[in-house]
Amino acid sequence: MVDPNGKTFWSRGTDVNLPSGEKDKTSGKELYKDTVMSKYGNWHNWSDYQAARYDRWGMNTLGAWTNSILYDNKIAYVEVLDFYATYKSTWTKCNGCYIPDFYDPEFLESVRSTIRLKALSKVNDPYYMGHILDNEVYLGPQWFNNAPTFQYYVNFDKSTYGWKAARALLADYYQNNITLFNRNW
């Protein structure tokens with residue numbers, strides 16, 4: 001990587017740098033957040049302490065899911081664009097997960113909008129290293145299922161953009177020859 005002064009560096013860091021933690025599912029308490037507030041008084045003090053700690057540990061990069069308050073400490077960072085989270089249109093349930101219709105024109109517009117809102121707003125920030133497109137995007141076989149995403153699209157409702165795209169791909173691949181298609185499927 002190259003820092004804002006043009007010096008090369010090896011990125012070492014961690015993600016999920018949050019002062020809030022998770023809620024306990026049983027009690028509803030936020031133990032880590034309560035501890036942070038008790039020990040540091042506010043999130044800015046926590047942030048200053050974490051930045052100094054990361055420096056002592058030789059860490060120089062903040063990964064995804066970092067509270068933006070840490071950015072004030074002039075540490076290189078990345079952010080997640082969350083294309084899945086910003087897309088609100090056609091989702092299809094497939095074997096326990098939901099798959100967005102990547103061929104839906106609204107998906108492309110959602111991606112463009114996300115880039116405009118999140119990534120382009122960082123263009124002049126010298127500590128912004130870039131972005132992670134998303135997390136846990138289901139494009140191939142997963143731990144919960146061995147089916148590739150393409151197989152889901154073949155099984156989408158026939159009115160969806162994704163099903164139409166999968167059908168067109170198969171028709172092109174098999175040269176509109178149903179006998180050849182049936183031999184392989």
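The values are calculated or read from the model by the stated rules, or taken from the named source; none is laboratory data. Computed from a predicted model, the values in this text were never measured in an experiment. Note that each Cβ is placed from the backbone with ideal geometry, even for glycine, and that neighbours are counted across all protein chains shown.
Within the set Gly13, Gly41, Gly28, the sole residue that is within 26 Å of Ile132 (Cβ to Cβ) and not polar (S, T, N, Q) turns out to be Gly13.
Of the residues that make up region 36-47, is at least one among the hydroxyl-bearing types (Ser, Thr, Tyr) and in contact with a Gly (Cβ under 8 Å, 6 or more places away or on another chain)? No; the residues of region 36-47 include none that is among the hydroxyl-bearing types (Ser, Thr, Tyr) and in contact with a Gly (Cβ under 8 Å, 6 or more places away or on another chain). Please specify each residue of region 77-118 satisfying the condition of being under 18 Å from Glu136 (Cα atoms) and aromatic (Phe, Trp, Tyr). Listed by number, the residues that qualify are Phe83, Tyr84, Tyr87, Trp91, Tyr98, Phe102, Phe107.
Asn45 meets the conditions (1) under 28 Å from Val123 (Cβ atoms); (2) modelled with pLDDT of 95 or more in every case but one. The failed one is (1). Which residues, counting only those in region 65-90, are part of a loop (DSSP other than H, G, I, E, B), under 22 Å from the mean Cα position of the chain (by Cα) and surrounded by fewer than 18 Cβ atoms within 10 Å (Cβ to Cβ)? Result: Trp65, Asn67, Asp82, Lys88, Ser89.
Considering only residues that are exposed (fewer than 10 other Cβ atoms within 10 Å of the Cβ) and within 24 Å of Asn124 (Cβ to Cβ), look in region 2-34 and name the one that is modelled with the lowest pLDDT.
Residues of region 2-34 exposed (fewer than 10 other Cβ atoms within 10 Å of the Cβ): 5-8, 10, 25-28.
Imposing the further condition that a residue be within 24 Å of Asn124 (Cβ to Cβ) reduces the set to 5-8.
On the way: Asn5: 80, Gly6: 83, Lys7: 86, Thr8: 91.
So, considering only residues that are exposed (fewer than 10 other Cβ atoms within 10 Å of the Cβ) and within 24 Å of Asn124 (Cβ to Cβ), the one modelled with the lowest pLDDT is Asn5.
Among the numbered conditions (1) touching a helix residue (DSSP H, G or I) at 6+ places or on another chain (Cβ under 9 Å); (2) surrounded by 14 or more Cβ atoms within 10 Å (Cβ to Cβ); (3) modelled with pLDDT of 75 or more, the only one that Tyr138 does not meet is (3).
From the set of residues in region 30-64 that are of a type in the set (Gly, Ala, Ser) and not in a helix (DSSP H, G or I), which is farthest from Thr14 (Cα to Cα)? Restricting to residues being of a type in the set (Gly, Ala, Ser) and not in a helix (DSSP H, G or I), the top hit is Gly41.
Restricting Ser113, Ser38 to residues that are over 17 Å from Pro19 (Cα atoms), surrounded by fewer than 19 Cβ atoms within 10 Å (Cβ to Cβ) and of a type in the set (Gly, Ala, Ser) narrows the list to Ser113. Considering region 17-64, and only residues there that are of a type outside the set (D, E, K, R) and closer than 20 Å to Asp82 by Cβ, the residue that is farthest from the chain's Cα centre (by Cα) turns out to be Ser20.
Among the residues of region 117-134, is any crowded, with 19+ Cβ neighbours inside 10 Å and not in a strand (DSSP E or B)? Among the residues of region 117-134, not one is crowded, with 19+ Cβ neighbours inside 10 Å and not in a strand (DSSP E or B), which makes the answer no. In region 95-108, the condition of being at pLDDT 80 or above and under 13 Å from the mean Cα position of the chain (by Cα) is met by no residue.
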